[in-house]
Amino acid sequence: MDISGIRLSGACYAPAGKAVLSDISLTLDEPRIGIVGRNGSGKTTLLRLMAGLVRPTAGIVRVGGLDPAADRKAMLGRIGILFQNPDHQIIFPTVEEELAFGLRQQGRAEAEARALARDLLARQGRAHWAGAAVQTLSQGQRQWLCLMAVLAMDPATILLDEPFAALDLPSAARLARRLDGLPQQVVIVSHDPRVLERMDRVLWLEGGRLVADGPAAQVLRAFRAEMDRLGEADADTDLAG
Amino acid sequence: MERTVTHVALFAALIAVLGLVPKIDLMAGVPITAQSLGIMLCGTVLGARRGALAVLLFLLLVAVGLPLLAGGRGGLGVFVGPSAGFLIGFPVAAFVAGLVVERWRVPVGPAAFAGAVLGGIVVLYAFGIPGMALVLGKTLPEAALLATPFLAGDLIKAGLAAVITAGLANVRPGALLSRN
Amino acid sequence: MLTLTSPVETRAHRVPAGLKLAGLAVATTGLVQMHGAAVGGVLAGVVVLYLALGPAFARHGLAMLRPLWPFLLVLALWHGWTGDWARGAEIAGKMLAAVALANLVTMTTRLDDLIAVVERLARPLARLGLDPRVMAVAIALALRFTPVLFWRTGQLMEAWRARSARRPGWRVVLPAVLLALDDADHVAEALRARGGL
Ligand SMILES: Nc1ncnc2c1ncn2[C@@H]1O[C@H](COP(=O)(O)OP(=O)(O)O)[C@@H](O)[C@H]1O
Ligand SMILES: [Mg+2]
């Protein structure tokens with residue numbers, strides 16, 4: 001399997017002096033990786049850094065040896081990212097246009113991209129979705145569309161930001177099954193340890209720092225214990241920043 | 001590049017929304033459309049160039065048949081009707097409003113008010129009144145007389161555009177592209 | 001999104017969009033130069049054209065002229081006062097005919113076809129630096145986000161009403177502007193995640 005090899009060394013992200021991520025050094029080669037942490041711990045920022053959507057303010061980020069923030073065209077086939085909110089990701093008013101866009105970006109002609117998009121829908125038993133307006137889709141369907149749009153570009157690694165957070169139970173089960181079957185390297189971010197139990201490796205972020213890194217069972221046990229301890233204590237009075 | 005395009009597109013959508021949202025009453029009980037407030041804000045928030053492009057994109061959507069003008073109007077008919085001059089003046093109004101905020105380095109509030117008055121009223125009426133005169137077969141002073149009832153509402157909107165732009169500069173200083 | 005294209009499918013729907021637009025340009029230019037009875041003739045012709053496309057279609061066409069009534073009222077009062085009824089009727093007739101003809105094109109042409117014409121007309125602008133592909137993305141984005149922003153502004157107003165007896169009024173405009181600005185940033189990032197423009 002083609003593993004993209006995501007490498008960070010001493011990566012920091014501190015826009016306007018506020019440290020969001022501090023000194024992250026990692027090499028990600030396992031096929032299934034989870035990132036766990038509380039709200040505001042920096043999980044989304046870490047994904048954006050890996051996808052090259054932001055540059056580290058210090059340190060280095062490399063994907064397959066390339067700088068993902070500089071070499072955008074090369075990243076199209078290397079990294080796909082699924083945003084937490086599908087409404088921030090879907091660009092076009094109809095399903096077919098949304099799917100075709102990424103293919104156009106990879107250099108295919110308009111007609112070919114459209115045909116491939118329709119073909120993709122047909123193979124998933126959703127040929128009738130082609131002309132549908134995206135705002136008529138449910139939350140789970142919109143997320144499915146985002147995932148399809150990413151998969152259509154066939155990246156080696158897929159980054160998913162809280163993919164289960166807004167789904168009802170059947171949609172979540174369907175998504176989990178879909179992800180299990182993917183040949184790609186998958187990195188999933190979640191504040192909920194339950195969805196990361198079957199990962200090959202789990203990272204735990206706290207306050208923008210990596211506090212644990214290891215097999216899922218071990219890291220998640222420690223994470224749960226800490227969350228239980230915090231839950232006992234009184235409210236959340238700290239202000240960030 | 002991407003941010004320019006998305007700002008232009010989202011503000012075109014914003015102008016439409018401000019015309020469609022039912023009953024934003026600007027003064028108690030008087031449902032004035034907030035659409036021309038949207039035109040002013042395009043200029044004062046996005047700046048001259050992007051603001052004018054956002055308005056042009058909005059007009060393009062209206063022209064191809066979307067009912068996005070206040071009251072659900074749209075299509076090609078509105079560009080030959082009595083208000084056509086105002087529509088043609090919209091992008092110029094946003095441009096001038098933006099130019100004032102960009103160039104006149106006084107605090108955002110006063111600059112936005114001056115821009116909104118100059119662009120959203122002086123320039124807009126300079127296009128709208130001849131349009132009305134032409135379609136309704138009146139002289140310019142006669143057409144100007146017909147437009148005066150709207151002046152009070154538009155002055156209120158210029159004031160609101162100033163308050164909103166200054167508020168934005170306050171809560172999100174980086175977001176005011178006309179000053180960055 | 002809802003468009004003003006008539007759902008009543010007529011023969012005129014099948015005429016190419018470019019042809020209809022060219023015809024409209026010629027007709028409007030001609031109309032501006034007409035006087036007296038000729039204007040009445042054109043107006044009658046327009047009415048016949050609408051009726052020929054079916055009664056339901058004609059009713060819909062009439063409804064689209066409703067926003068003109070304040071102007072008709074102004075003309076009636078004005079020319080009633082000056083006593084120059086003939087002139088008033090000519091002006092009103094021209095206005096109604098011009099708007100009705102333009103509406104006819106709008107009502108019988110699909111959004112996609114009109115956008116295709118716009119893109120074709122904009123092609124020469126590529127030399128001035130306006131990339132037609134960028135323009136297509138901008139149009140698509142505006143089409144996509146108008147309903148999204150509309151819905152969320154509605155939610156803001158609802159959240160307001162849930163905690164206030166008074167109507168939100170102009171105070172929702174600032175949060176709506178913030179929504180637009182934030183969406184613009186998110187979508188710019190989504191575009192960059194897929195290779196940018
Ligand atoms: N560009 C930025 N400027 C300032 N603060 C930021 C920026 N990006 C993220 N943050 C802050 O960093 C913290 C971590 O954010 P995020 O990565 O979204 O966390 P998570 O996804 O784990 O909830 C949050 O407090 C957020 O407000
Ligand atoms: Mg997050």
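The values are calculated or read from the model by the stated rules, or taken from the named source; none is laboratory data. Here the structure is a predicted model, which means the values were calculated and not measured. Note that we place each Cβ from the backbone using ideal geometry, even for glycine, and neighbour counts take in every protein chain shown. Protein only, heavy atoms only, side chains kept; ligands, DNA and RNA dropped before computing areas. Shrake-Rupley method; radii C 1.70, N 1.55, O 1.52, S 1.80 Å.
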Residues (more than 9 Å from chain C (Cβ to nearest Cβ), of a type in the set (Ser, Thr, Tyr) and outside any loop (DSSP other than H, G, I, E, B)) located in region A:85-139: A:THR136
Long-range neighbours under 7 Å by Cβ, at least six apart or interchain, first residue more than 8 Å from ligand 2 (Cβ to nearest atom) within region A:31-52, second among the polar types (S, T, N, Q) and assigned to a strand (DSSP E or B): A:PRO31/A:GLN185; A:GLY34/A:SER190; A:VAL36/A:SER190
Lone unmet requirement of (1) within 14 Å of chain C (Cβ to nearest Cβ); (2) within 16 Å of ligand 1 (Cβ to nearest atom); (3) open to solvent by 20 Å² or more (accessible area, probe 1.4 Å); (4) more than 19 Å from A:LEU205 (Cβ to Cβ) for A:ALA16: (1)
Options A:ALA115, A:ALA149, A:ALA166, A:ALA172: the member that is of a type in the set (A, V, I, L, M), more than 16 Å from ligand 2 (Cβ to nearest atom) and either open to solvent by 60 Å² or more (accessible area, probe 1.4 Å) or in contact with a Lys or Arg (Cβ under 9 Å, 6 or more places away or on another chain) (or both): A:ALA149
Unique residue being more than 7 Å from every other protein chain (Cβ to nearest Cβ) and under 30 Å from A:ALA70 (Cα atoms) when the list is C:ALA136, C:ALA180: C:ALA136
Residues of region C:76-115 classified as part of a helix (DSSP H, G or I) and within 30 Å of B:LEU66 (Cβ to Cβ), total: 22
Positions within region C:46-59 being touching a residue at least 40 places away in the same chain (Cβ under 8 Å) and open to solvent by less than 60 Å² (accessible area, probe 1.4 Å), in sequence order: C:VAL46, C:TYR50, C:LEU53, C:GLY54, C:ALA56, C:PHE57
Subset of region A:87-108 (residues that are touching a residue at least 12 places away in the same chain (Cβ under 8 Å) and within 16 Å of ligand 1 (Cβ to nearest atom)): A:GLN89
Enumerated helices (runs of 4 or more DSSP H) restricted to region B:46-142, each holding at least 2 residues that are more than 29 Å from C:ASP112 (Cα to Cα): B:84-103, B:108-117, B:124-136
Unique residue being away from ligand 2 (no atom under 16 Å from the Cβ) and either outside any strand (DSSP E or B) or facing another protein chain (nearest Cβ under 10 Å) (or both) when the list is A:ALA74, A:ALA11: A:ALA74
Condition broken by A:LEU46, with the remaining ones in (1) part of a helix (DSSP H, G or I); (2) modelled with pLDDT under 95; (3) not charged (D, E, K, R) satisfied: (2)
